[in-house]
Amino acid sequence: MEKVKIGLFGVGLNTYWGQFEGLLDRLTGYQDRIKNKMLSYDNIEVIDAGIVDDIDKANDAASLMKKEDVELLFIFISTYALSSTLIPVVSRLNIPVILLNMQPLPAIEYDKLNSMADRGAMTGEWLANCQACSVPEFSSVFNRARVKYDIVSGYLEDSEAWKEISEWITAAKISSGMRKNRMGVLGNYYGGMVDVYSDLTLQSTVFGTHIEVLEMCELADIRKSVGKEEVEQKIREFERTFVIDDSCSTYEIERAAQTSVALDRLAEKHRLGSMAYYYAGMNGNEYENIITSVIAGNTLLTGRNIPVAGEYEIKNVQAMKIMALMGIGGCFSEFYAMDFNDDIIMLGHDGPAHFIISEGKVHLVPLPVYHGKPGKGLSIQMSVKHGPVTLLSVVEGNDGLSLLVAEGESVPGPILNIGNLNSRYKFSVSAREFIKRWSKAGPSHHCSIGIGHVADILKKYAFILNIPITVIS
């Protein structure tokens, strides 16, 4: 995976360096600790411009950040600094800025400072701890310059502050990954399912996603060229990944394996990072053999973080890709039923699922009919791991795109063994209240489900995109 570039520099006042011996070295040491902690996160490259303490260094820092095309800029307030040193940077970079108001310790060591014999040394000690001094000044300038910024306050070993920083870094990874993503669209919409219809231009301009229009005839030609040995290798992959139901026929397994190899080749040829698909056509059409045998292969792709959404659900595969970039899965789902006795909602779907978040291994099972779709073939049966989950929808409304998020729990209990993904979910509000709030936010009837509670990260990603976010809580 390509590393995401994060910008970092500290700000200070060069007048201090000659007045207070050792102060600059001390502050540089604090910044090095921040940088090293950031570097401990996966797939991150930190572009460090050092301590910026005058206009010339500010211009140099701006040039460096622009040249390196950083995704997000952290500014460490090492001590008091003039707000003028920030203007050359923010006027040239159109990226979010996070001010790090990070003290060396939770509080000044008052007795140590007050016991110093030299008031000059005492002042130097205070200046090594006065990070908060510039926060209002910088914020005032950023507000007037319409800079997109936020503030993290804490101290160098503060777990709460580092949780925020980690979330910002993850949001930057999502932003980079979505902008570099190539989404394939294969087939066409499920006729009449108008909530699913999407504005491809809007999706591209907001998320930066490249959309590659694919043809069924290309997939058909690729599938015809798949050899027997490749099919056998893919069946062995099925056996490693799935629990294959005894009632699955050899014919259906081989048919699904051949299609899976073709899907792999299609994804590789077009460098796809996600795909939305659907196809029906006339009964017995040439492509029905393909479209009725894609679920196993699309599940393998989804499990490799190349999420695939059925029913040509572009908005939802965007949500699935966001979750895949976070490493939390992203399963294609819709509302199945409500259980008023247990106050839970059931969600699930036929078609591909993300097997890394399955409660146990995914089962490959035969379906005599795909409800509402042509043909029959193999499908998957799984539930999402019990524990915390997040639901995410990308919403297209009258004012553009927004995110819709809810945190809940995947809970044990009876499910439907109908050859689908399905699970039971409980939320902080009642099931009645939840479905009302969720639905009135205007999503399509699909959503993506991932493990863990990640609403705070998604809020930061929405901030980076400058789009609204609704959190059901």
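The values are calculated or read from the model by the stated rules, or taken from the named source; none is laboratory data. From a predicted model like this one, the values you see are computed outputs, not experimental measurements. Every residue, glycine among them, receives a Cβ derived from its backbone with ideal geometry; neighbour counts consider all protein chains shown. We work out accessible area using only protein heavy atoms, side chains counted, and drop any ligands, DNA or RNA first. Shrake-Rupley method; radii C 1.70, N 1.55, O 1.52, S 1.80 Å.
Here is how the numbers come out for the structure above:
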{"item": "Crossing angle, helix 431-440 versus the chain [Cα axis fit, 0-90 degrees, rounded to tens]", "result": "80 degrees"}
{"item": "Radius of gyration, Dmax [the chain; alpha carbons; angstrom]", "result": "26.3, 93"}
{"item": "Cross-link pairs beyond the 29 Å C-alpha cut-off, checked among 35/460; 5/459; 385/460; 35/269; 224/373; 180/376", "result": "35/269; 180/376"}
{"item": "Modelled FRET efficiency - R0 30 Å, residue 459 with residue 339, Cβ distances, 0.05 increments", "result": "0.50"}
{"item": "Segment residue 241-residue 386, length gained on full extension (0.36 nm per residue, minus Cα span)", "result": "50.2 nm"}
{"item": "Sulfur and carbon atoms: percent of accessible area, the chain [1.4 Å]", "result": "50 percent"}
{"item": "Å² per residue, accessible surface of the chain at 1.4 Å", "result": "42 Å²"}
{"item": "Helix 228-241 vs. the chain, principal-axis angle (Cα, 0 to 90°, nearest 10)", "result": "60 degrees"}
{"item": "Per-selection Kirkwood Rh - region 102-141 (Cα, Å, 1 d.p.)", "result": "11.2 Å"}
{"item": "Rounded, prolate or oblate (a/c below 1.5 giving rounded, otherwise prolate when a/b exceeds b/c) for region 234-387 by Cα gyration tensor", "result": "rounded"}
{"item": "The chain - mean residue ellipticity at 222 nm from DSSP helices (-39,500 (n - 2.57) per run, n ≥ 4, rounded to 500)", "result": "-11500 deg cm²/dmol"}
{"item": "Rounded, prolate or oblate (a/c below 1.5 giving rounded, otherwise prolate when a/b exceeds b/c) for region 339-411 by Cα gyration tensor", "result": "oblate"}
{"item": "Contour excess over end-to-end distance, with Cα ends at residue 210 and residue 143 and 0.36 nm allotted per residue", "result": "20.8 nm"}
{"item": "Debye log10 I(q)/I(0) at q = 0.12 Å⁻¹ for region 388-473, Cα point scatterers", "result": "-0.38"}
{"item": "Global form of region 235-318, assessed from the alpha-carbon gyration tensor, a/c cut-off 1.5", "result": "oblate"}
{"item": "Efficiency of FRET from Cβ geometry, residue 21 and residue 160, R₀ 35 Å, rounded to 0.05", "result": "0.60"}
{"item": "Gained length - residue 416 relative to residue 194, 0.36 nm times residue gap less alpha-carbon distance", "result": "77.2 nm"}
{"item": "Length-normalised contact order of region 351-473 in % [C-alpha pairs under 8 Å, at least 6 apart]", "result": "28 percent"}
{"item": "Shape box of region 1-147 [Cα atoms, principal axes, largest first, Å]", "result": "52, 34, 24"}
{"item": "Relative contact order %, the chain, counting alpha carbon pairs below 8 Å whose residues are six or more apart", "result": "12 percent"}
{"item": "Helix 23-39 axis, angle to the chain major axis (alpha carbon atoms, nearest 10°)", "result": "10 degrees"}
